[in-house]
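The values are calculated or read from the model by the stated rules, or taken from the named source; none is laboratory data. Note that the structure is predicted; figures quoted are calculated from it, not measured. Methodologically, a virtual Cβ is constructed for each residue, glycine included, from the backbone with ideal geometry; neighbour enumeration extends over all protein chains shown.
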Amino acid sequence: MKNKFLFGTLFAACLLLCSQNQTFADGLMVVAVPGTWGSTHNPAHAIDPFLWNDAQQSTDSSIEGLPVKYHKVTVTITNGVATTSVDEVFKNPYDTTIEGMYIFPLPDDATVTNFSIYVDGKKISGEILDKEKARQEYQNMVRKMQNPALLEYVGRNMFRVKVYPIPAKSEKRVELVYQQIIPFDHGIYTYTYPLDTERFSPTMIDEVRIDTTIQSEIPLKNIYSSTHPIITRINEKECTARYEASNVKPDKNFVLHYTVSEKDIGINVLTYQEANENGYFMMLVSPGQLKEQTVHKDIVFVVDLSGSMSGKNIRQSTDALRFCLSHLNKEDRFGIVTFANTAIPYKANLQTASAENLADANVFIDAMHTERLTNINDALLTALRMFDDRNGQKTVLFLTDGDATAGEINTPKIINNVDSANAQKIRLFVFGLGENVNTILLDKLSEDNRGSSEYVLPEENIESKISDFFKKISEPVITDTELDFGSIKVSEVYPVTLPDIFNGSQLIILGRYTNYGETTVTLKGNVNGKRKEFSCLHEFKNNAVKNDFIPRLWAARKIGYLTNQVRLNGENAEISDEIKAISKQYGIMSQYTSLYVAPSQNSSQQNSFAGNSLGIDRGISKGASVRLSGELLHGVSSDALLQVAPIDSALSLQTSGRSAVLQAIATSQLQSAALVPAVASENVRQIGTKTFYQRDDGYLVDAEYKEGTPVKDIKYMSTEFLELLKNKPELAKYIALSRKVIFVFQNQFYRIIE
């Protein structure tokens, strides 16, 4: 039974590798488990996972993956051609020598240029031989107890390397180098490095790192990963991107998109659309590096000097203010307003950012001291009155650590007063310091005035967060942006209000579309007071299922937007019901959806997904059942589930305190999400656009399935099962999830049974 189970696991892994949307995956080292070969123990006769008949006939071998110590990848892409260097170290945890088989599929048209193993610290390069000759030489070397490395073609661009011996309690390092031409579609290059099968590793991986360098004769514009958080640095014709993590078990391939363009503004569109359904789109907009076109700006810094700001807060805030002033351009103008009991401007009018004026402003900063109260209303109105009719970007950067306690203290009235005074549509960016801020007031002020809110928790560094933020907004390129999609009808576009575009930044826009065809997408905006247009030609396709990450990313943005409406405007049954429905369909947790543990495992602990919109990070118990806000998911039933009361509506009305700040941060992150929020539970699996939930009887159930819906039963590994995969290979990605799974495909529900 053990042999059959382990073989099934490896078979499922290979199904995943060979499915249409998963045509390749990274290195997987499998071994014949020591102690199960019989008395002769001849590694040369170990199981071959690609000779299915031999595997099925074997009664004394089982298959298991080797743990990975580290997985390092270096990628160099030059004018659309990628060279990928893979460096992996596998660990032999057993007390005996073993034989390993390193399996790795490659992208279409990829060419292996080098493969090496390390023996006693020395690098030994392999040789690609004729298949039969290579097999014979490998067997001979095994019998002689030497250290062979054999590269064999096994079909579907999949290769394998046999490595023997791997001594007991030792490590084996392998290196692979291959080259490929990067797929290019509608102005977007897409590089994929396979990480998905690392989820089959028996242990967590100490270190995973992918370093990518891109060089291009045509200027680079957008660089974006739809799968992993990356750190990027972009110059005109070269950029770098790094993904790095430790103690992880990756479960999805690394995908990197980048664009090139001779135009000043790079505009590119990705689409996803299933037949007979409305489509989804993601638009990338980037000015690249256009310093010569940077819009000059007027900015007023409004700094809270109430009593609670004394000590660390005021020191870090003033240091941040000095940093911001030192990074103004010579064409910029600035003002400073401090407030406590009253509002006190540094000067009545905006000052040019000359060396003399900046030096004088620093003297003013040195003299700052705290008082008792907090007069937010007067401070903001004083700042808004300082702006004149000069063209360019107008910005207020507002720092506060408390609620209004002087002057006008009524939140709706403060909001109305600021709206009335802001006829020039000045951008208002807010920094809330600590946990005692009025998050509803601050978020409403920034939303109504085309800015954003940032929050700094007590354990975070104020100076660092403010200076990093100022770098992002210090060089505006296009303001007052609008989009025109030509003949394509779009809806539910997020962000709802388009922000300004800054030098070196990237704007990601998501939405839905209802008709198809080629159209000109036009971005309109002001550049130093002049209205300009930037456009690109794009085809909004019908039945385009390549970019299946887009629907969930769009859903995350929509949940964030709707949740924020509840927070700022109060509970609304229609909105809350819509949040629940989207959360269930796309498998994204919200303030209305949480994961709960059955009493048999933990009678008191309530669990929710890490990174949910409440900002709560709780552990997930293996085997937990799922219930959403008192409602069972489709096909999920258990009498042992906790009875869950609906979330208290008062939660949406909290204005201050740590919970309110965490909720504001998490909601903001969803509204600007560039990655699909991760699900930290084995009970919820996502693949393509589908979400699967674990049922008490062990089945993974498609969220579209409703209890009682007729299903077609297919026995795992039966003739009918294999025939189904042959005729519909796109089903492999669902079958690979589990030997017990229910899913829908082309309006037919299937149930895979043991």
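Among the residues of the stretch 148-207, what is the count of those that are more than 16 Å from residue 253 (Cα to Cα), among the charged types (D, E, K, R) and at pLDDT below 85? Residues that pass the stated criteria total 5.
Applying the criterion of being in contact with a helix residue (DSSP H, G or I) (Cβ under 8 Å, 6 or more places away or on another chain) and under 30 Å from residue 475 (Cβ atoms) to the residues of the stretch 506-547, the residue that is surrounded by the fewest Cβ atoms within 10 Å (Cβ to Cβ) is 528.
Flag not set for residue 726, criterion: at pLDDT 90 or above and not assigned by TED's automatic domain parsing to the domain that holds residue 274. Which of the residues that make up the stretch 705-726 are touching a helix residue (DSSP H, G or I) at 6+ places or on another chain (Cβ under 8 Å) and outside any helix (DSSP H, G or I)? If the condition is that a residue be touching a helix residue (DSSP H, G or I) at 6+ places or on another chain (Cβ under 8 Å) and outside any helix (DSSP H, G or I), then 714, 715, 716, 717 are the ones that fit.
Only one of the numbered conditions (1) surrounded by 22 or more Cβ atoms within 10 Å (Cβ to Cβ); (2) at pLDDT 85 or above; (3) in contact with a Ser or Thr (Cβ under 8 Å, 6 or more places away or on another chain) is violated by residue 265, and that is (2). Within the set 754, 723, 730, the sole residue that is in contact with a Lys or Arg (Cβ under 7 Å, 6 or more places away or on another chain), surrounded by fewer than 19 Cβ atoms within 10 Å (Cβ to Cβ) and over 23 Å from residue 583 (Cα atoms) turns out to be 754. For the stretch 492-501, residues that are without any contact (Cβ under 8 Å) to a residue 40 or more places away in the chain and part of a strand (DSSP E or B) total 1. Considering only the stretch 511-520, I want to know if a residue exists there that is under 22 Å from the mean Cα position of the chain (by Cα), in a strand (DSSP E or B) and farther than 17 Å from residue 452 by Cβ. Within the stretch 511-520, one or more residues are under 22 Å from the mean Cα position of the chain (by Cα), in a strand (DSSP E or B) and farther than 17 Å from residue 452 by Cβ. Taken together, 274, 171, 236 contain a single residue that is outside the structural domain of residue 78 (by TED's automatic domain parsing), more than 17 Å from residue 82 (Cα to Cα) and not small (Gly, Ala, Ser), which is 274. Count of the stretch 548-561 residues, restricted to those that are touching an Asp or Glu at 6+ places or on another chain (Cβ under 8 Å) and more than 14 Å from residue 584 (Cβ to Cβ), is 1. Per the conditions (1) free of Cβ contacts under 8 Å to residues at least 24 places away in the same chain; (2) in a strand (DSSP E or B), the sole criterion not satisfied by residue 277 is (2).
If you go through the stretch 348-380 and keep only what is hydrophobic (A, V, I, L, M, F, W, C) and in contact with an Asp or Glu (Cβ under 9 Å, 6 or more places away or on another chain), you end up with 350, 353, 376, 379. In the stretch 401-481, counting only helices (runs of 4 or more DSSP H) that sit wholly within it, the ones holding 3 or more residues that are at pLDDT below 90 and over 21 Å from residue 385 (Cβ atoms) span 462-473. Looking across the stretch 364-374, the residues that are in a helix (DSSP H, G or I) and surrounded by 13 or more Cβ atoms within 10 Å (Cβ to Cβ) come down to 364, 365. Which is touching a helix residue (DSSP H, G or I) at 6+ places or on another chain (Cβ under 7 Å) and assigned by TED's automatic domain parsing to the domain that holds residue 185, of 253, 247? Only one candidate qualifies: 253.
Within the stretch 323-363, the set of residues being in a helix (DSSP H, G or I) and farther than 18 Å from residue 396 by Cβ comprises 326, 355, 356, 357, 358, 359, 360, 362, 363.
Rundown of residues vs (1) more than 27 Å from residue 257 (Cα to Cα); (2) within 14 Å of the chain's Cα centre (by Cα); (3) surrounded by fewer than 18 Cβ atoms within 10 Å (Cβ to Cβ), yes/no style:
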| residue | (1), (2), (3) |
| --- | --- |
| 549 | no, yes, no |
| 552 | no, yes, no |
| 557 | no, yes, no |
| 563 | yes, no, no |
| 572 | yes, no, yes |
| 577 | yes, no, yes |
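Let's see how each residue does on (1) of a type in the set (D, E, K, R); (2) surrounded by fewer than 23 Cβ atoms within 10 Å (Cβ to Cβ); (3) over 18 Å from residue 343 (Cα atoms):
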{"residue": "388", "(1), (2), (3)": "yes, yes, yes"}
{"residue": "398", "(1), (2), (3)": "no, no, no"}
{"residue": "405", "(1), (2), (3)": "no, yes, no"}
{"residue": "408", "(1), (2), (3)": "yes, yes, no"}
{"residue": "414", "(1), (2), (3)": "no, yes, no"}
{"residue": "417", "(1), (2), (3)": "no, yes, no"}
{"residue": "420", "(1), (2), (3)": "no, yes, yes"}
{"residue": "428", "(1), (2), (3)": "no, no, no"}
{"residue": "431", "(1), (2), (3)": "no, no, no"}
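Scanning the stretch 553-589 for residues that are basic (Lys, Arg) and touching a strand residue (DSSP E or B) at 6+ places or on another chain (Cβ under 7 Å) yields 557, 558, 580, 584. Contact map, the stretch 733-754: residues that are in a strand (DSSP E or B) paired with residues that are small (Gly, Ala, Ser), Cβ distance under 9 Å, separation 6+ or inter-chain. Pairs shown: 742/635; 752/738. Of all residues in the stretch 423-444, those satisfying the criterion of being within 18 Å of residue 458 (Cβ to Cβ), of a type outside the set (Phe, Trp, Tyr) and touching a strand residue (DSSP E or B) at 6+ places or on another chain (Cβ under 6 Å) are 430, 432, 433, 442.
In the stretch 230-256, the residue that is modelled with the lowest pLDDT out of those that are under 20 Å from residue 285 (Cβ atoms) and surrounded by fewer than 19 Cβ atoms within 10 Å (Cβ to Cβ) is 236. Applying a threshold of 6 Å to beta carbon distances and a minimum spacing of six or more residues, or different chains, the list of pairs starting in the stretch 113-133 at a residue that is outside the structural domain of residue 173 (by TED's automatic domain parsing) and at pLDDT below 70 and ending at one that is outside any helix (DSSP H, G or I) and surrounded by 10 or more Cβ atoms within 10 Å (Cβ to Cβ) is empty. Of all residues assigned to the stretch 438-458, at least one qualifies as being of a type outside the set (Gly, Ala, Ser), surrounded by fewer than 19 Cβ atoms within 10 Å (Cβ to Cβ) and farther than 21 Å from residue 380 by Cβ.
From the list 201, 216, the lone residue that is among the small types (Gly, Ala, Ser), surrounded by fewer than 21 Cβ atoms within 10 Å (Cβ to Cβ) and under 24 Å from residue 181 (Cβ atoms) is 216. Checking the stretch 353-361 against the condition returns no match, with no residue being touching a Pro at 6+ places or on another chain (Cβ under 9 Å) and surrounded by 14 or more Cβ atoms within 10 Å (Cβ to Cβ). Within the stretch 340-372, the residues that satisfy the criterion of being within 26 Å of residue 390 (Cα to Cα) and either touching a strand residue (DSSP E or B) at 6+ places or on another chain (Cβ under 7 Å) or outside the structural domain of residue 426 (by TED's automatic domain parsing) (or both) are 343, 344, 345, 346, 347, 350, 351, 352, 353, 357, 361, 364.
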